[in-house]
Each structure stands twice: as structure tokens, then as C-alpha cells.
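Here is the structure we will look at.
The values are calculated or read from the model by the stated rules, or taken from the named source; none is laboratory data. For clarity, every value in this text was computed on a predicted model and none was experimentally measured. Positions of Cβ are generated from backbone atoms using ideal geometry, with glycine treated the same way; all protein chains shown enter the neighbour counts. Heavy atoms of the whole protein, side chains included, go into the accessibility calculation; ligands, DNA and RNA do not. Shrake-Rupley method; radii C 1.70, N 1.55, O 1.52, S 1.80 Å.
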Amino acid sequence: QVQLVESGGGLVQAGGSLRLSCAASGSIFSINSMGWYRQAPGKQRELVATITRGGSTNYADSVKGRFAISRDNAKVALQMNSLKPEDTAVYYCAADISRWGTPRRNYWGQGTQVTVSS
């Protein structure tokens, strides 16, 4: 059993900041990459940022320079600065996990709402 739990979402004004956190737990053999995705109303889920086990990061162009992803073992965080109304979405934590004796696959958290007002 694997569980990803996000926290830190909320309502902020444009220009403000939020920090999202996610922790993976359960029967985990290894975690390769972790990241954050988001889904705005009426739109498809999109990648926000990812980070590998070695610390290599990748950001969507829309958030580059404003967001920063970090990782500590089975925990991943997303520092969001200079937030814009278009950042409003449900943010999902994701992790590429291999359980004991099983092939790796992607696991998802339940999502946390981020709302940025004008």
C-alpha cells in the first residue's frame, strides 16, 4: 500500500506565496522521480515541476522562475511565489514508485486546491 498526502493549498491574493508539501508512505522499495501536476477547471492535467532522485529539476514554462521544487527522500515540496490567478487549480503530487517485487508505476495524491484571487 502506497499513500501520497498533499498539504499547503489555500486561498491567496495575486503576488502572494504558498508552499505545497507531499509525503509518500507505505510499502515502498524505491522512489525515482517525484513531481507536481495541476488541473484547472475545464482543462487537462498538466505538469508543473518534477525532480529526480539525483536532484535534476524540470519546470513548465508557465511557472519557471516563480516556482521551486525540492525533495527530501520521500517528501517533495513546491514553493510557489508571485502567484497569478491563472495558477488556480487543483495540485496533485505524483511519484514514480517501485514497490517490493513489483514494477514501478506512478502514484498520485488526492489533490490540494490552490486559489489565487485578483
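Structure values in brief
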read-out	value
Convex hull volume per residue for segment 65-118, taking Cα atoms only, in Å³	91 Å³
Volume per residue of the C-alpha convex hull in the chain, rounded to whole Å³	93 Å³
Counted charge near Ala24, where neighbours are those whose Cβ lies closer than 12 Å (Asp, Glu -1; Lys, Arg +1)	0
Anchor Lys84: lysines whose Cα lies under 24 Å away (excluding residues fewer than 8 positions away in-chain)	Lys43, Lys64
Heavy-atom accessible area ranking, 1.4 Å probe, most first, across Trp108, Trp100	Trp100, Trp108
Separation between Cα centres of segment 71-98 and segment 1-26, rounded to whole Å	6 Å
Per residue solvent-accessible surface (Å²) - segment 1-110, probe of 1.4 Å	55 Å²
By average C-beta atoms within 10 angstrom, highest first, the peptides 54-62, 7-15	7-15, 54-62
